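The values are calculated or read from the model by the stated rules, or taken from the named source; none is laboratory data. What you see is a predicted model, and the numbers here were worked out from it, not measured in a lab. Note that each Cβ is placed from the backbone with ideal geometry, even for glycine, and that neighbours are counted across all protein chains shown. These area figures cover heavy atoms from the full protein model, side chains too; ligands, DNA and RNA do not enter into them. Shrake-Rupley method; radii C 1.70, N 1.55, O 1.52, S 1.80 Å.
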Amino acid sequence: MNTTTHADPDLTQGSAPLSMRPTLAGLDHMISAGHYLATQAGAQVLQAGGNAVDAGVAAGIALGVVQSDIVNVGGVAPCLVYEAGTRKVWSISGLGYWPRAASLDLFLDRHGGRIPAGVLRTVIPAAPDAWITALERFGTFSFGDVAAAAIGFARDGFVMYPLMAEVLADHQDDYRRWPSSAAIYLPGGQPPAAGQVFRQADLAASLQYMADQERAHASGGRLAGLAAARRAFYQGDIAAAIVDYHQAHGGLMTHDDLRDFSVDVEPALTTDFHGTQLYSCGFWCQGPTLLQMLNILESRDLRALGHNSAPYIHLLTEAIKLAFADREVHYGDPRHKTVPQDILLSKAYARKRLSMILADRAGPDIPAAGDLLDAGLSLPRGFTPEDTRRTDPRLDTSYVAVVDKHGNAFSATPSDGSYNTPVIPGTGLCASSRGSQSWAERGHASAIGPGRRPRLTPNPTLALRPGSYVMPFGTPGGDVQCQAMLQTFLNMEVFGMDPQQAVEAARFATFSFPSSFEPHSVQPGRLMIEGLVGRPVGDALAGMGHTVQWWQDRNWRAGAMCVVRHDTDTGIRWGAADPRRPAYAIGR
């Protein structure tokens, strides 16, 4: 493995043109994931002859074990799949919806417009169906084969690493709320320390049960086996455990909810940025904001502004704020809300939004959404001092990118934490708590309702430049995700950085919008900047009206980008992974 050539240092203007790690190179395949053991799990599948989807699913399931504080086997898993043969990009929703018994009035009348932690924020677990659907439609391996590494990590354990140990320690009081959670995450009454072996026997048994049910029906062929694995979760013993727990603890989930669930597979959304196509999942997630940001910025000479200069950070920050203003008002589950998709993704609309950005002054902290109210969507609400004082739980996620020897690509962002909802006893997993990204607010575009999906933050993406490259990339980070993806993409596309340089370069993030997480707090004007950006830049931004605060050096809250880039003219697969977290890439 070797490094690519470095970008011109003049372009990077002090943003560390020399990377801490090399950009890896391979001729057969490449994978990058949010934890090195998940990367290993996917690489083993690739080396055994699996394709990008097989490997990505293996890594994704493994992330639900080795990062079970922030990724759950029973959580969410939105995916993008690029088929090299057809050159089409498909979206797999990987997001559950509210049970039939859910009602907005329940949360307004009994909980004061809040969505409490615990079983009441449960939506139908979607990740198992997303992984199995990906294998059915685009994969070649069995569920048991791709889950084998994850089962081993859960059964035999893995070495606790510093970031997970920190999260568990920070949230030990949350885990203590539920005995089933404390039994796993507080062994002996205390959170495990870094360097200890951490085991999850019940989670291993749940995954093994799905694999065993698949094997019992294998005589009917691979698809019949996958269908049996799905039934094991949504109709078998796991489903029974989820429903029994909900019935005993005031939850809403029923057998019918689980039995009737399925993810959507549909063409991905796309926009063009100077000849490169960017792809996203639908408006049920925040992914289209990345497309909107790029549309707003496309006509500006970003290179001339200088990488991470004050004018550059200002322009991107204002574009992000405008896209997130539209996210707040216009985004929602398209099956239940009319989303003005064509307008939001149009270049003409982007030019109107760009015209609102002043070159030398920050715009409104909470800018108005586009005037598209003929779509029948909600108006932004006013915010009180109480809203600005709230702090969000550190819910998070992970990511995996793969390109195989055939040129197929896989991009997935599995998620759901384990500290804001109980582990279902005997299963080792939590039923998705992603209801925290709905609103207990009448008229909101993403209000709670039966069969409605929350507005999801996890969102994979993929870039495709015909005749040049295919590049799945993504990150954890909640509301930071699209911001980090935007900066990393522009680092490569505009400033010529190689993937690892682009991933490691200093980042910034605005929080001047309603948070996606309950209780949807606001931090007006807040602009966080990593310490690798010079203080004079921060001072200049503060002078423009931004409320600047600093992250020390590289900070894990700024995301953890993973990138795999397949240069289609040379056949080389490049891989990069973010040192801000335990993400690693490997290829051959």
Fill in the blank from the handout: Shape descriptors of the chain over alpha-carbon atoms, Rg and Dmax in angstrom, are 22.2, 69
Exercise for the section: Send over the semi-axes of region 54-107's equivalent ellipsoid, whole angstrom and largest first, taken as the square roots of 5 times the C-alpha gyration tensor eigenvalues. Expected result: 28, 19, 6
Practice task
Find the centroid of the Cα atoms in region 472-503 and in region 151-177, then give the distance between the two in whole Å.
Solution key: 28 Å
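Which order, highest average first, do 416-423, 528-535, 268-275 follow once you tally other Cβ atoms within 10 Å for each residue and take the mean per peptide?
With the highest mean Cβ count within 10 Å placed first, the list reads 416-423, 528-535, 268-275.
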Practice task
For T461, enumerate residues with amide H under 5 Å from its amide H, sequence gap 5+ or separate chain, H modeled in the peptide plane.
Solution key: F473
Problem - ³J(HN,Hα) computed for each position of region 218-225 - Karplus, 6.51 cos²θ - 1.76 cosθ + 1.60, integer Hz, glycine/proline x - result: 5, 5, x, x, 4, 5, 5, x
Exercise for the section: Round to a whole angstrom and tell me the spacing of the C-alpha centers of region 512-531 and region 22-89. Expected result: 30 Å
Fill in the blank from the handout: Taking Rh as the Kirkwood radius computed over alpha-carbon pairs of region 154-312 and applying Stokes-Einstein at 25 °C with viscosity 0.890 mPa s, one gets a diffusion coefficient in µm² s⁻¹ of 119 µm²/s
Practice task
Would you mind computing Rg(Cα) / (2.2 N^0.38 Å) for region 308-375, counting N as its residues?
Solution key: 1.20
Fill in the blank from the handout: In the chain the accessible area split gives carbon plus sulfur, as whole percent at 1.4 Å, a share of 51 percent
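Looking at region 391-489, which trypsin sites (Lys or Arg not before Pro) are in a loop (DSSP not H, G, I, E or B) and have at most 13 other Cβ atoms within 10 Å?
Sparse-neighbourhood loop trypsin sites (Lys or Arg not before Pro): R442.
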Problem - Burial ranking of peptide ranges 247-258, 456-467, 66-77 (average Cβ count within 10 Å, highest at the top) - result: 66-77, 456-467, 247-258
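Once you wrap a convex hull around the alpha carbon atoms of region 526-588, what is its projected area averaged over all directions, in nm²?
6.1 nm²
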Problem - Table column - 3J(HN,Hα) (Hz), region 160-172, Karplus curve with 6.51, -1.76, 1.60, x for Gly and Pro - result: 4, 10, x, 5, 5, 4, 5, 5, 4, 5, 4, 10, 4
Handout entry: Convex hull (Cα only) mean projected area of region 57-195, reported in nm² to one decimal
Key = 11.1 nm²
Fill in the blank from the handout: Summing -39500 (n - 2.57) over every DSSP H run of at least 4 in the chain, dividing by its residue total and rounding to the nearest 500, the 222 nm mean residue ellipticity is -10500 deg cm²/dmol
Practice task
Sort the following peptides by mean Cβ neighbour count (other Cβ atoms within 10 Å, averaged over residues), highest first: 136-145, 22-31.
Solution key: 22-31, 136-145
Fill in the blank from the handout: Between D212 and H249, the FRET efficiency computed from the C-beta separation at R0 = 35 Å comes out, to the nearest 0.05, as 0.80
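Can you give the local net charge around M528? Use residues other than it whose beta-carbon is closer than 10 angstrom to its beta-carbon, Lys and Arg +1, Asp and Glu -1.
It works out to a net charge of +2.
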Exercise for the section: Project the alpha carbons of region 458-588 onto their principal axes and report the range along each, largest first, in whole Å. Expected result: 46, 35, 28
Completion exercise
Cα extents of region 219-364 along the principal axes, largest first, in whole Å, come to 62, 40, 30
Exercise for the section: Compute the distribution of all C-alpha to C-alpha distances in region 411-467, in bins of 5 Å from 0, and list the percent of pairs in each, rounded to whole numbers. Expected result: 4, 15, 18, 16, 18, 13, 7, 5, 3, 1, 0
Handout entry: Evaluated over region 288-338, the Cα radius of gyration and Dmax, each in Å
Key = 13.5, 43
Practice task
Please report, largest first and rounded to whole Å, the three semi-axes of the ellipsoid equivalent to region 396-492, where each semi-axis is the square root of five times an eigenvalue of the C-alpha gyration tensor.
Solution key: 30, 18, 12
Practice task
Calculate, for region 446-588, the solvent-accessible area per residue in square angstrom, rolling a 1.4 angstrom probe over the heavy atoms of the protein chains.
Solution key: 24 Å²
